[in-house]
Amino acid sequence: MRNKLIQLAETSSLKKDSPQFQVGDTVDVHTRIIEGEKERIQVFSGTVIMKKGAGMNESFTVRRIVNNEGGERIFPLHSPFVARVAVKRSGETRRAKLFYLRKRVGKAVRLAEIRKTPGKREAGDSSTPAAEQPQLAAAAS
């Protein structure tokens with residue numbers, strides 16, 4: 001349980017539209033880079049391997065592989081330098097921290113994409129076989 005005074009002090013600094021992503025998602029992190037008097041946005045894309053902390057201390061780690069060399073970068077979630085986080089792909093994981101991806105190379109790094117759950121079937125759904133439909137109608141009357 002966190003101290004309520006600390007929570008009240010932090011609420012003004014927290015981002016209102018906090019991005020919704022999970023560990024295993026492939027994301028594009030748009031960061032503000034200030035060079036002299038110019039400001040530009042640089043994109044770091046990769047897989048989220050870890051989320052930790054709470055409140056102002058919340059951060060996430062993104063891992064990507066460029067030229068067969070792995071690189072990781074830690075981003076504070078509520079930093080003003082993180083312009084936005086865009087989710088490109090949702091990965092299915094069974095762990096909170098994906099450190100095992102550091103040892104993998106090539107296609108072994110890929111994660112399975114999350115399957116969408118199908119909606120409820122309606123009463124007039126055509127998925128019922130045609131042979132069963134007359135029997136159901138006869139049983140109802």
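The values are calculated or read from the model by the stated rules, or taken from the named source; none is laboratory data. Being a predicted model, the structure only gives us computed values, none of them experimental. Note that each Cβ is placed from the backbone with ideal geometry, even for glycine, and that neighbours are counted across all protein chains shown.
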Looking only at the range 91-98, decide whether some residue is under 13 Å from the mean Cα position of the chain (by Cα), farther than 30 Å from GLN7 by Cβ and not in a strand (DSSP E or B). yes
Tally, over the range 71-103, of residues that are over 15 Å from PHE60 (Cα atoms) and of a type in the set (S, T, N, Q): 2
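Can you tell me which residue is surrounded by the fewest Cβ atoms within 10 Å (Cβ to Cβ) among those in the range 10-29 that are in a strand (DSSP E or B) and not polar (S, T, N, Q)?
Taking the range 10-29 first, the residues in a strand (DSSP E or B) are 26-29.
Narrowing further to those that are not polar (S, T, N, Q): 27-29.
On the way: VAL27: 23, ASP28: 14, VAL29: 21.
Ranking the candidates gives ASP28 first.
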Before we move on, is ARG32 modelled with pLDDT of 95 or more, loosely packed, with under 15 Cβ neighbours inside 10 Å and not small (Gly, Ala, Ser)? yes
Residue check, ILE74 modelled with pLDDT of 90 or more and farther than 30 Å from LYS4 by Cβ: no
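Confirm whether HIS78 is assigned to a loop (DSSP other than H, G, I, E, B) and of a type outside the set (Ser, Thr, Tyr).
So HIS78 fits the description; yes.
A quick yes/no check of all residues on (1) over 24 Å from GLY106 (Cα atoms); (2) free of Cβ contacts under 8 Å to residues at least 40 places away in the same chain:
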{"residue": "SER18", "(1), (2)": "yes, no"}
{"residue": "ASP25", "(1), (2)": "no, no"}
{"residue": "LYS38", "(1), (2)": "yes, yes"}
{"residue": "ILE41", "(1), (2)": "yes, no"}
{"residue": "PHE44", "(1), (2)": "no, yes"}
{"residue": "GLU58", "(1), (2)": "yes, yes"}
